[in-house]
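A.B. asks: This is the structure I want to talk about, given as structure tokens.
The values are calculated or read from the model by the stated rules, or taken from the named source; none is laboratory data. All of these numbers come straight from a predicted model, not from anything done at the bench. Virtual Cβ from ideal backbone geometry, glycine too; neighbours counted across all protein chains shown.
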Amino acid sequence: MSDQRRKEVSQATWQVIIRDGLDRTSLRAIAQELGCTTGVVTHYFRNKEELILFALQQVTEELEQTMRQQATGKEGLEKIHGMLLAFLPLDDHRQNLVRVWVAFLGYAVGRDSLLAEHKHSAKRLHGIIKQELEELEAENMIKKNLDLESEVNSLLAFVNGMSLDCFIQANPLTPPLQEQYLNRYLKSIFLD
């Protein structure tokens, strides 16, 4: 039950971050979001940093789960395309994931333990995409002699950039255009 309650606290943390920003997120605000006392929150998390680390881990797990769901029953280009769609803010849920992720990234600057966790999360996601490209290479589905490490970095930079674009541009890319551009990029590395 404590794992479930920790996840509920994490979800409340996301809601406060999305609504108020991470700098105004406090244990008190999270407790109010949950409709409980601060003592209930501190029963599961000693301080704000511990809670933020857990909430960031939950973002990474959500992304991984979405990637797996998008990949189920698909192969080749369709599979990797679906996996990378997890990173794009195509619906309200994924928009919230990106908002929380960006808030964490900004907050992590100057906080070594949070920045290290961000890097750890990014490494996990990087590994999933790299494994998929290695499988595609073994199946002779992508171009030969690609530097897979560079390709993974480029793909992640591409989807992360499109995600940020949606929040900072006056006329952001629409979800159909995000999907179209991702598909065009992926087709450039696949064999005809």
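A.B. asks: Does region 1-29 hold any residues that are more than 13 Å from LYS48 (Cα to Cα) and either assigned to a loop (DSSP other than H, G, I, E, B) or hydroxyl-bearing (Ser, Thr, Tyr) (or both), and which are they?
C.D. replies: Hits for region 1-29 are MET1, SER2, GLY21.
A.B. asks: Given the structure, is PHE158 among the aromatic types (Phe, Trp, Tyr) and modelled with pLDDT under 95? Before you say what the answer is, go through the steps one by one.
C.D. replies: Numbers: among the aromatic types (Phe, Trp, Tyr): yes; modelled with pLDDT under 95: no.
Spelling it out, it is not the case that PHE158 is among the aromatic types (Phe, Trp, Tyr) and modelled with pLDDT under 95.
A.B. asks: Within region 1-24, track down each residue that is touching a helix residue (DSSP H, G or I) at 6+ places or on another chain (Cβ under 6 Å) and without any contact (Cβ under 8 Å) to a residue 24 or more places away in the chain.
C.D. replies: ALA12, GLN15, VAL16
A.B. asks: Out of (1) over 10 Å from the mean Cα position of the chain (by Cα); (2) at pLDDT 90 or above; (3) surrounded by fewer than 17 Cβ atoms within 10 Å (Cβ to Cβ), the odd one out for ARG111 is which?
C.D. replies: Evaluating ARG111 over (1) over 10 Å from the mean Cα position of the chain (by Cα); (2) at pLDDT 90 or above; (3) surrounded by fewer than 17 Cβ atoms within 10 Å (Cβ to Cβ) leaves (2) as the failure.
A.B. asks: Do we have LEU164 as closer than 23 Å to ILE128 by Cβ and either modelled with pLDDT of 95 or more or assigned by TED's automatic domain parsing to the domain that holds GLU135 (or both) here? If you could, list the steps in order and put the result at the bottom.
C.D. replies: Working: closer than 23 Å to ILE128 by Cβ: yes; either modelled with pLDDT of 95 or more or assigned by TED's automatic domain parsing to the domain that holds GLU135 (or both): yes.
Criteria met by LEU164.
A.B. asks: Please find, among LEU173, LEU186, LEU155, LEU164, the residue that is without any contact (Cβ under 8 Å) to a residue 60 or more places away in the chain, surrounded by 11 or more Cβ atoms within 10 Å (Cβ to Cβ) and either of a type in the set (A, V, I, L, M) or not in a helix (DSSP H, G or I) (or both).
C.D. replies: Values: LEU186 fails: without any contact (Cβ under 8 Å) to a residue 60 or more places away in the chain; LEU155 fails: without any contact (Cβ under 8 Å) to a residue 60 or more places away in the chain; LEU164 fails: without any contact (Cβ under 8 Å) to a residue 60 or more places away in the chain.
Of LEU173, LEU186, LEU155, LEU164, the one residue that is without any contact (Cβ under 8 Å) to a residue 60 or more places away in the chain, surrounded by 11 or more Cβ atoms within 10 Å (Cβ to Cβ) and either of a type in the set (A, V, I, L, M) or not in a helix (DSSP H, G or I) (or both) is LEU173.
A.B. asks: Check region 54-71 and report whether any residue there is closer than 30 Å to LYS143 by Cβ and among the acidic types (Asp, Glu).
C.D. replies: Checking region 54-71: at least one residue is closer than 30 Å to LYS143 by Cβ and among the acidic types (Asp, Glu).
A.B. asks: For region 125-140, check the following and say yes or no: at least one residue is of a type in the set (Lys, Arg), touching a helix residue (DSSP H, G or I) at 6+ places or on another chain (Cβ under 9 Å) and more than 25 Å from ASP91 (Cα to Cα).
C.D. replies: Taking region 125-140 and keeping what is of a type in the set (Lys, Arg), we get 130.
Filter once more, keeping what is touching a helix residue (DSSP H, G or I) at 6+ places or on another chain (Cβ under 9 Å): 130.
Now drop any that are not more than 25 Å from ASP91 (Cα to Cα), which leaves 130.
Among the residues of region 125-140, at least one is of a type in the set (Lys, Arg), touching a helix residue (DSSP H, G or I) at 6+ places or on another chain (Cβ under 9 Å) and more than 25 Å from ASP91 (Cα to Cα), which makes the answer yes.
A.B. asks: Then there is this: So which helices (runs of 4 or more DSSP H) stay within region 62-152 end to end and still have 2 or more residues that are in contact (Cβ under 8 Å) with a residue 12 or more places away in the chain, outside the structural domain of SER10 (by TED's automatic domain parsing) and in contact with a Phe, Trp or Tyr (Cβ under 7 Å, 6 or more places away or on another chain)?
C.D. replies: Those helices (runs of 4 or more DSSP H) span 92-108, 112-138.
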